[in-house]
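Read the structure below first, then the notes.
Every read-out reported here was derived from the displayed coordinates using simple, explicitly stated rules and does not represent laboratory data. Every value quoted in this text rests on a predicted model; they were computed, and no experiment measured them. Glycine gets a Cβ as well: all are built from the backbone with ideal geometry, and neighbour counts include every protein chain shown.
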Amino acid sequence: MLHKDDLIKMYRWMVLTRTFELTMNDLYQHGRVPELQHCSVGQEAIGVGACYGLRPEDVVMPSLRTRAAFLVKGVPSKILMAAAFAKETKLCGGKNTSHHLGDLSLGIIAGTGIVGGSIPLAVGAALACKLKKTDQITVCFFGDGATNTGNFHESVNLAAVLSLPIVFVCENNQYAMGTSAKRSMLVDNIADRAASYGIPGVMVNGNDIIAVYDAVQNAIQKAKGVPPQPTLIECKTYRWYGHSQRDPVDGRYRTKEEIETWKLRCPIKHFREYLKRAGILSEEAIRETDNETRLEIEEAVRFAEETPYPEPGRVLDDNYAPVLEV
Amino acid sequence: MREITLARALGEAIREEMIRDDTVFIIGVEVGLYGGCFRVTEGLFDEFGAERVIDTPISESALVGAAAGAAVMGMKPVAEVMYQDFATLVMDQILNGAAKLRYVHAGQATVPMVLRAPFGASGAGAHHSQSIEAMFCHIPGVKVVIPSTPYDAKGLLKSAIRDPNPVLFFEHKLTYGIKDEIPDEDYTVSLGKADIKLQGKDLTIVTWGLMVHKALNAAAELAKKGIELEVIDLRTLVPLDTATIVSSVKKTSRLMIVHEACKTGGYGSEITDIVTREAFGYLDSPVHRVATPDTTIPFSRPLLEAIIPDEKDIVAVALSMTGNRITEVENGI
Ligand SMILES: Cc1ncc(C[n+]2csc(CCOP(=O)(O)OP(=O)(O)O)c2C)c(N)n1
Ligand SMILES: [Mg+2]
C-alpha cells in the first residue's frame, strides 16, 4: 500500500527526472554536454511508477529512455550527470553513455545500444535469480519499436516457457524514431502480443503513475507466484521531444496538434492535481519540490563540470576480467 | 588413464564442473532430454534435471543473451549453439552483450560464460559446415578456444568454465570421435597456451582443430624425406600465445599456417602479421597460409575434397617452402 509519504516521494522523483532531462537538453543545445540525449520528458511516470516499489536487490534493465529508473534505483543525480558529461565515475568511468550504464550494487544492468538487444540479458538475470532461488524480481524496460525485434519475441517467449520472475514494461510512446507504431504493427495494443506467449498482457495509462505502479506490483505478485509467471505491461505514453536532439521536436512524422494534445496529459501535472485535490500536496510543498530539485540538478551540473575526465591510461582496462588461479 | 572420445571428454568436463560448482548450468536447443545434437551433453539431463540442463525453444539469440545476463548475476552458464553456422544469430548478444558487459560497467561486472558450438566441413551442406572462428577473434572481450584432442578438450573446457570471461569454445565435428588416453583425476589446460604437438627444426606449422591431425600426418610423410616439421596446436586463438609461435619460427625460420576457414580475413593473416614483425629477420621464406579458398562450403564429397586443406596440400607447400627439395619431388624421388 502506498502512503502519503510515498506519493510525495514519487512526485518528487518525477519532477527530479524532468528537471534532469530538461537541464541536460539545454546543456546539449549549448554544447556543454557531449552525450546525445534521448529525452524522456513526458514519460516519467513509467520509470518512477515501475521502480518505486522495487527493493534494492531487485534488478532493472532500463531502456534508452528510462532515465527515471536510474534515479529511483539509487544512482545519485550528480553521478548520472557526470556520466553524461563523459567524466570519471565509478559506474562507467567514461566508458559508455549515461543512458546505457549499470550499477550492479544497485541492481541496474547496463543495456546495449541495440534496440531489443537488452531483453535477452534481462531474461538471463531473471533466470539467475530463479536458479539461485532468491526472490529477486527483474524489471525490463523497452520501447514500442523494440517489440518488433526478434529479440523481444524470443525473449518473452523464453521467459514464459522457463517461468521466470520478470516483468516486461513497454514504454509505448507510439514512435520509434520517425516510425509510428501504426506503421510498424497491425495490432492496436502491444499488450495483445502477450497472448502469443501465453502470459498476461496488461495495458495501462503510462502517464498515470499510480496505474503503472499498480500494474507492476500486480505483475510482481505473478512473478513471485508458484510457478512464477512473467507479465507484459504496455504503458501508453508520448515523448514530448524529438527522438534525440538531432530530431526536431515536431518532426514531419507527427503533428503539432498531436504533441499539444499529449502535453495536456502531462504525467506530472496529472499527479500534482490529484495530490492537491487529495490534500496531500500544498502549493507551498509544490514550490519547494520545484526549488529543491532545481538546486539538486544545478549541483549535479556543477559536480559534473568539476569532475575530471577519466585517465586515458585506463582505456584498455575492463575488457577482460583477470583470471585468478583456481 | 582411460581412452575416451573427444565428445565424451567434453561431456565429462561439463559434468565434473557441474558437480564442483552448483552455479554451472547448461542451456541450449536440444541439450537436455534429447542429449545434445552431437551427444556431448548426453546423460546430464538425467543426472542434474531440467533445472540445470535447460532446453530452450529455437531462440538462439535469447538463450545466449540469457546466458550472458545470468553470468552477470553470478551464474556460470555453458550455452550451446547447435552449429557454429548459427552463431550469426547470436552475434549481437556476443558482440554487443557478453563481450562488452564488463567494459561498460567499468569492471563491476564479470561474465563467466561459455558458448560451445561445433564447426567445420563434414559433408553437411552450405549452412552446417563453416569455420568462422576469425569473426569471433575480432571481438575484444571474448576468448576463443578450439581443442584438437580429448585430453586438451576436457582440460580446456574446464578452464573455460572456470574463466571469469565469455569463452567461445568451438569443436570441429570431425574431432568428436577422436580417442585419447586421459587421466582419471581432475586436471585443467590453461587458456592462452599453445601446445607443441611435434618438435622439429625445418618448418613451423601453426594450426588448430582438425587441421592439427592433418598436419601431424603430413609431418610423418615429410619425416620420411628428412624434413622435420614443428607442429604448434594453438588451442586458444584468443588470447594468442605469441611467444610460442615466435620462438618456434626463430628456430625453424619457416612458418606455414593451416586452417580450414577460408583464406581472406582468416586468423592466419593475424599470425602472419605478428611473425613478420617479431621474427622478420629469421625468416628464410615468405609465410604461407594453407586454407580453404574463398567459397561456400559444398555438400558433395569430391567437391569438398577439392577445397578443404589436407595432408597433400601441407606436404606440397612444405616442400616448396624448404626449397631444395621441391626438385626431388618434381623428379619423382
Ligand atoms: C537494432 C537497432 N536498430 C536501430 C537502432 C537506431 N534506433 C535507436 S533508438 C530507435 C527507436 C527505438 O524506438 P522504441 O523502441 O519505440 O524506443 P523509443 O526511442 O521510442 O523510446 C532506433 C530506430 C538501434 N539502436 N538498434
Ligand atoms: Mg517508442
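Can residue B:249 be described as more than 21 Å from residue B:173 (Cα to Cα) and either aromatic (Phe, Trp, Tyr) or buried (at least 19 other Cβ atoms within 10 Å of the Cβ) (or both)?
Spelling it out, residue B:249 is indeed more than 21 Å from residue B:173 (Cα to Cα) and either aromatic (Phe, Trp, Tyr) or buried (at least 19 other Cβ atoms within 10 Å of the Cβ) (or both).
Collect the residues in region A:181-201 that are touching an Asp or Glu at 6+ places or on another chain (Cβ under 7 Å) and either in a strand (DSSP E or B) or over 23 Å from residue A:245 (Cβ atoms) (or both), keeping them in residue-number order.
Hits for region A:181-201 are A:189, A:190, A:191, A:201.
Pick from A:106, A:127: which is more than 8 Å from every other protein chain (Cβ to nearest Cβ) and over 14 Å from residue A:64 (Cβ atoms)?
Unique residue meeting the criteria: A:106.
Counting just the residues of region A:33-63 that are within 14 Å of chain B (Cβ to nearest Cβ) and crowded, with 24+ Cβ neighbours inside 10 Å, which one comes out nearest to residue A:125 (Cα to Cα)?
Taking the candidates together, the pick is A:59.
Go through region A:155-171 residue by residue and tally those that are more than 14 Å from every other protein chain (Cβ to nearest Cβ) and surrounded by fewer than 24 Cβ atoms within 10 Å (Cβ to Cβ).
The qualifying residues number 0.
Give me the pairs: first residue in region A:237-263 and free of Cβ contacts under 8 Å to residues at least 60 places away in the same chain, second residue within 15 Å of ligand 2 (Cβ to nearest atom) and in a loop (DSSP other than H, G, I, E, B), beta-carbon distance under 7 Å, and six or more apart or on different chains, which are they?
That search, which allows pairs on different chains as well, returns A:248/A:242; A:249/A:241; A:249/A:242; A:259/A:240.
Of everything in region B:6-38, what is aliphatic (A, V, I, L, M) and either part of a loop (DSSP other than H, G, I, E, B) or over 21 Å from residue A:132 (Cβ atoms) (or both)? Give them in sequence order.
Of everything in region B:6-38, those that are aliphatic (A, V, I, L, M) and either part of a loop (DSSP other than H, G, I, E, B) or over 21 Å from residue A:132 (Cβ atoms) (or both) turn out to be B:6, B:7, B:9, B:10, B:13, B:29, B:31, B:33.
It is to be established whether one or more residues within region A:213-232 are of a type outside the set (Phe, Trp, Tyr), touching a residue at least 12 places away in the same chain (Cβ under 8 Å) and within 14 Å of ligand 2 (Cβ to nearest atom).
no
May I ask you to list the residues in region A:136-151 that are touching a strand residue (DSSP E or B) at 6+ places or on another chain (Cβ under 8 Å) and within 9 Å of another protein chain (Cβ to nearest Cβ)?
A:136, A:138
Does region A:117-140 contain any residue that is under 15 Å from residue A:60 (Cα atoms), near ligand 1 (Cβ under 10 Å from one of its atoms) and small (Gly, Ala, Ser)?
Yes, region A:117-140 has at least one match.
Exactly one condition in (1) in contact (Cβ under 8 Å) with a residue 60 or more places away in the chain; (2) under 30 Å from residue A:164 (Cβ atoms); (3) within 16 Å of ligand 1 (Cβ to nearest atom) is not met by residue A:35; state its number.
Exception for residue A:35: condition (2).
Got a sec? Which helices (runs of 4 or more DSSP H) wholly within region B:65-172 have at least 3 residues that are more than 9 Å from every other protein chain (Cβ to nearest Cβ)?
Passing ranges, in order: B:133-137, B:150-162.
Of the residues in region B:204-246, how many are in contact with a Phe, Trp or Tyr (Cβ under 8 Å, 6 or more places away or on another chain) and farther than 22 Å from residue B:169 by Cα?
The total comes to 0.
Quick one: which of A:15, A:41, A:33 is under 26 Å from residue A:144 (Cβ atoms) and either aromatic (Phe, Trp, Tyr) or away from ligand 2 (no atom under 16 Å from the Cβ) (or both)?
A:15
Mind counting the residues in region A:187-218 that are out of contact with any helix residue (DSSP H, G or I) (no Cβ under 9 Å at 6 or more places or on another chain) and surrounded by 20 or more Cβ atoms within 10 Å (Cβ to Cβ)?
1
So which residues in region A:181-203 are within 16 Å of ligand 2 (Cβ to nearest atom) and of a type in the set (A, V, I, L, M, F, W, C), if there are any at all?
Within region A:181-203, A:181, A:185, A:187, A:190, A:191, A:203 meet the criteria.
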